[in-house]
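Values in this text are rule-based calculations from the coordinates and carry no lab data. What you see is a predicted model; the values in this text were computed from it and never measured. As a convention, Cβ positions derive from the backbone with ideal geometry for all residues, glycine included, and neighbour counts pool all protein chains shown.
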Amino acid sequence: MKQRFSKIVLFILITGLITACNSIKNVSEGERLLVKNTIYVDSVRNTSEQIDNLLYQEPNKTMLGLPIRLYIYNLARPNIDSIIDTHLNKTAKHRERLERFLSKKQLSQYINSRKSLNAWLKTTGEAPSIINEPRAIKSVKRLEDYYINNGWFDVSASYDTILKPKQKVEIAYHVNRGTPYKIDSISTKIMSPVVDSIYNQNKRRSFIKKGERYTTDNFKSERDRITSNLRNNGIYQFSQDYVIFQVDTVETNKKMNVEVQIKNYSSSRNADSIQNGPFKVYKIKDVNIYTDNSHESREYSIKDTIKYNGYNLYSVQDKIAYKPKALTDAIFISPGNIFRDIDRTRTYKHLSELKTFRYPDINYIENPDTTLTANIFLTPLKKFNLDYSLEVSQSNIQIIGFTVSSSLLARNIFKGAETLELSGFATIGASDDAADDKDKFFDINELGADLKLTIPRIFFPINTDSLIPKTMSPTTRIGLSIASQTNVGLDKRSFTGSLNYNWRPKRGITQALDLFNAQYVRNLNPDNYFNVYSTSYDTLDDIAHDIDYIPSDEDLSIPDGTNEFIDEVLSDNPPNGISDDDIQTVNNIDERMIRLTENNLIVSSAYSFIKDSRRNPSDEDFFIFRFKLESAGNLLALGSKLSNSQKNEDNQYELFNVAYSQFIKTEFDYTKHWDLGHQNIFAIRAFFGIAIPYGNSNNIPFAKSFFAGGANDNRAWTAYDLGPGSSQSNDDFNEANLKLALNMEHRFNVFEDLYGALFVDVGNIWNVFDNVDDEFATFDNFSSLKDTAIGTGFGLRYDFSFLVFRFDIGFKTYDPSYSEGERWFKDYNFGNAVYNVGINYPF
């Protein structure tokens with residue numbers, strides 16, 4: 001019976017699929033389904049997406065050549081209400097029997113579910129694209145308009161319909177452009193002498209150039225350029241309406257003579273008269289800053305006034321709450337200077353970046369003596385802002401955890417528009433061990449606090465305005481943080497302090513200097529190492545069993561058993577039966593344990609540079625280049641030598657009984673996107689990073705090392721699982737001090753907000769210039785590049801507009817952990833694939 005039922009269900013599904021795949025199912029008699037548009041420009045087939053997008057009607061979208069969304073739409077019933085009514089009332093008592101069998105409520109729910117499913121199919125699917133002759137005519141007109149706006153004034157366009165079997169049709173558009181019109185001469189007719197002078201000083205930047213083809217966009221851009229240029233040179237009353245282009249094409253043999261005309265200023269003094277005259281240059285006479293503006297306060301009288309460097313600062317409710325310099329540094333409209341539109345734009349931007357005021361209000365008042373008074377109204381945000389959140393989590397460490405976090409933001413804390421943020425979190429959780437009644441249920445806790453002070457200028461004893469002027473939006477950030485863990489890993493205590501400068505010298509360029517960054521990490525529970533790094537423990541335990549060091553029904557105890565076994569293996573008299581390879585393995589485990597359980601003190605400075613060519617958030621044809629250089633331990637080493645400090649038994653200087661780290665680290669990261677059209681993007685990322693220990697260190701701290709694998713790296717391996725080199729590492733968290741990576745991804749639209757991707761991820765990590773001597777883990781020369789891992793795969797992305805949800809499947813295509821000759825496609829299957837979930841694109 002079950003087999004028969006399954007066959008019936010399968011038959012129904014197949015029948016429904018076949019029916020849905022009939023693309024003309026909902027195409028009525030006399031109608032035709034548009035399946036293809038082709039545009040020929042001067043008899044050559046067009047391949048430009050920009051031209052394709054001019055058409056008013058498109059065929060149904062396809063995926064892998066099939067109109068999937070049309071098939072989904074065809075699954076819906078066009079008259080679902082009547083179908084349901086007919087079914088329910090096919091006999092006089094059919095509805096009554098259903099109501100007795102299901103109940104009225106359940107029957108109503110069944111009806112609504114069928115209607116909802118039908119509506120979902122229509123919404124998710126895509127209605128058939130029926131050819132529409134008026135739309136084809138409009139498309140022809142739009143094609144002609146496009147080419148006219150780009151200089152082909154004699155263009156003509158037409159279309160042909162090509163009938164296909166089964167009520168389908170294609171449309172072929174034909175565009176004959178003719179000869180384009182080019183600019184032959186450019187002259188000017190400018191009535192105001194001052195405007196003529198300013199125009200001639202900058203006319204080399206004109207978008208209209210002799211010998212080039214006419215385009216409407218270039219003339220629009222030139223009108224904008226002229227207007228912007230004049231308004232940034234004191235011509236306050238100027239607007240685009242005063243710019244006229246007189247174009248002569250009569251009997252010019254496809255050549256254009258252009259005259260740029262700029263009229264005099266005209267103003268309406270009263271309803272009956274209009275006065276004309278030359279434009280004049282305006283200067284800023286007064287700049288008034290109202291520091292506590294609100295709708296209510298404008299009715300109050302001024303209670304406090306400060307004059308500072310020509311600026312007038314006012315307060316209507318109380319004394320002025322800000323240091324004058326803190327505000328005037330963010331204001332680019334200066335008394336005595338000529339009017340410039342860009343000064344107002346920069347003032348808006350910099351005042352907003354203070355995060356102390358709502359978006360400011362700036363207006364100008366004309367004075368009789370060709371001057372302007374600038375009034376700047378600032379509306380303060382609330383001085384204090386409190387935020388908090390509660391999270392519930394689960395991980396491989398804890399069964400359940402609860403995290404409470406809170407932050408307090410204080411604005412204008414020192415009256416210089418500074419912001420001070422104090423945040424903290426507290427976590428309690430239950431580990432697997434808490435299942436034992438003898439233990440507390442909530443046996444895990446984490447506490448942390450973070451203090452950040454942001455100053456809207458360079459905070460430094462020496463004046464840096466000549467090097468980093470206020471136009472670069474400089475900021476200073478001072479940070480202090482502390483964190484503590486109990487029953488988490490090695491129970492770390494960490495303290496961090498930092499002093500950072502950030503500025504933007506040009507659009508798209510950001511530079512930062514970490515003048516001081518100190519991090520101290522103390523491990524309070526190093527005996528818990530093998531509970532955290534369980535893979536290393538399993539390897540150690542297996543070796544102990546293999547040589548009968550312990551009975552087969554027992555395991556090495558932690559930490560006494562593991563420590564005793566390591567000491568004995570590495571002693572002059574190792575246990576009987578242990579091989580040299582196993583001794584080396586135990587030695588590697590011991591070295592790594594010592595490194596990861598030791599306390600760290602890192603005092604570093606760093607410089608970073610970012611170049612981002614994106615013009616706007618939706619730009620998909622851009623590059624981003626990131627560079628970072630970090631140096632640690634040099635000042636401490638110099639101090640140790642000058643003070644004749646003594647070295648410890650490992651020949652290292654110490655501070656607070658901790659051997660501080662000394663290294664230099666650099667990173668290069670390059671990302672490039674190409675917009676291929678039709679919502680196809682090809683993206684690459686190349687990364688190179690190296691950290692070299694020297695002086696007081698022979699390795700890199702774990703926090704400063706590199707790892708490979710994960711949702712944003714090589715997606716065929718989980719995070720920390722790849723490398724180093726070709727070593728078959730037994731470590732839970734593999735890391736090294738050299739990294740190479742190259743990622744390539746082709747992104748394409750499936751339908752609506754769903755996108756697909758095909759990707760290739762290449763890279764690995766290696767040890768170099770440190771105390772690791774494993775030949776399989778170290779980078780010796782370019783021949784080590786043969787150990788570069790390759791992962792390939794595919795994924796889906798759903799764009800929610802405010803974030804992108806990403807799901808990727810990565811396959812190990814070339815795995816360097818296998819011996820040479822067996823690395824290609826060794827584990828290339830879904831069973832060994834890595835499934836990644838991420839937010840937003842990986843690069």
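Extents of region 550-632, taken as max minus min of Cα coordinates on every principal axis and listed largest first, are 68, 31, 24 Å. Pairs with C-alpha atoms separated by more than 24 Å, drawn from the list K319/K470; K93/K122; K452/K492, are K319/K470; K93/K122. Ranked for footprinting exposure by Cβ neighbours inside 10 Å, fewest first, W674, W717 give W674, W717. A P(r) calculated from all alpha carbon pairs of region 471-618, with 5 Å bins opening at zero, reads 2, 8, 14, 13, 10, 9, 8, 8, 8, 7, 5, 4, 3, 1, 0 percent. Under the simplified labelling scheme, the K209-S618 pair shows an inter-label distance of 2.9 nm, with each label point 7 Å from Cα along Cα→Cβ. Couplings 3J(HN,Hα) for region 407-417, derived from phi with the Karplus relation 6.51 cos²θ - 1.76 cosθ + 1.60 (θ = phi - 60°), are 9, 10, 10, 10, 9, 6, 5, 10, 6, x, 6 Hz, where x marks Gly and Pro. The alpha-carbon positions of region 142-224 define a convex hull whose volume is 118 Å³ per residue. Summing Cβ point charges (Lys, Arg +1; Asp, Glu -1) relative to the Cα centre of the chain gives a dipole of roughly 6880 debye.
Where the convex hull is taken over the Cα atoms of region 306-361, what is its projected area averaged over directions, in nm²? List each step's numbers first, then the result.
On the way: hull surface 16.6 nm².
Convex hull of Cα atoms, orientation-averaged projection: 4.2 nm².
Scanning the chain for long hydrophobic helices, with DSSP H runs required to stretch 24 angstrom or more by C-alpha along their axis and to average at least 1.0 on the Kyte-Doolittle scale, returns 2-20.
Is region 539-597 rounded, prolate or oblate when judged by the Cα gyration tensor, a ≥ b ≥ c being the square roots of its eigenvalues, rounded requiring a/c under 1.5 and prolate requiring a/b larger than b/c? Present the calculation step by step, with values, prior to reporting the outcome.
Details: a/c = 1.76, a/b = 1.20, b/c = 1.48.
Judged from the Cα gyration tensor, region 539-597 comes out oblate (a/c at least 1.5, b/c at or above a/b).
Close amide H pairs (under 5 Å, H built 1.01 Å from N) link K164 with V169, E170, residues at least 5 positions away or on another chain.
Run lengths n ≥ 4 of DSSP H only: what is the helix-derived mean residue ellipticity at 222 nm for the chain, with -39500 (n - 2.57) per run over all residues, to the nearest 500?
Details: 16 runs with 183 residues, N = 843.
That calculation yields -6500 deg cm²/dmol at 222 nm.
The alpha-carbon atoms of the chain, seen along their principal axes, cover 110, 90, 64 angstrom, with the largest extent given first. When peptides 701-712, 253-264 are ranked by their average number of other Cβ atoms within 10 Å per residue, the highest-first order is 701-712, 253-264. In the chain, a dipole from Cβ-located charges (positive for Lys and Arg, negative for Asp and Glu) runs towards its positive end, and of T718, L453, V250 it is V250 whose Cα lies farthest in that direction. Couplings 3J(HN,Hα) for region 361-378, derived from phi with the Karplus relation 6.51 cos²θ - 1.76 cosθ + 1.60 (θ = phi - 60°), are 10, 10, 9, 10, 10, 6, 9, x, 9, 6, 10, 10, 10, 9, 10, 10, 9, 10 Hz, where x marks Gly and Pro. Scanning residues 5 or more positions from A741 or on other chains, those with amide H under 5 Å from its amide H are F687, with H placed 1.01 Å from N in the peptide plane. Here region 182-277 is assigned +1 on the Cβ of each Lys and Arg and -1 on the Cβ of each Asp and Glu. Its dipole about the Cα centre then comes out at about 380 debye. A simple charge model with +1 on the Cβ of Lys and Arg, -1 on the Cβ of Asp and Glu and nothing else charged puts the dipole of region 127-168 at about 380 debye relative to its Cα centre. Evaluating 6.51 cos²θ - 1.76 cosθ + 1.60 at θ = phi - 60° for every residue in region 620-629, the Karplus couplings come out as 10, 9, 7, 9, 10, 10, 10, 9, 9, 10 Hz, glycine and proline recorded as x. Across the options S405, V392, I306, the greatest Cα extent toward the positive end of the charge dipole of region 303-429 (unit charges at beta carbon of Lys, Arg, Asp, Glu) belongs to I306. The rule of thumb for compact globular proteins, 2.2 N^0.38 Å, goes into the C-alpha radius of gyration of region 182-277 1.19 times. With the convex hull of its Cα atoms as the shape, region 283-377 has an orientation-averaged projected area of 6.0 nm². How far apart, in nanometres, would the label points at S552 and T124 be if each is projected 7 angstrom from Cα along the Cα-to-Cβ direction? Here the answer is 5.5 nm between the modelled labels.
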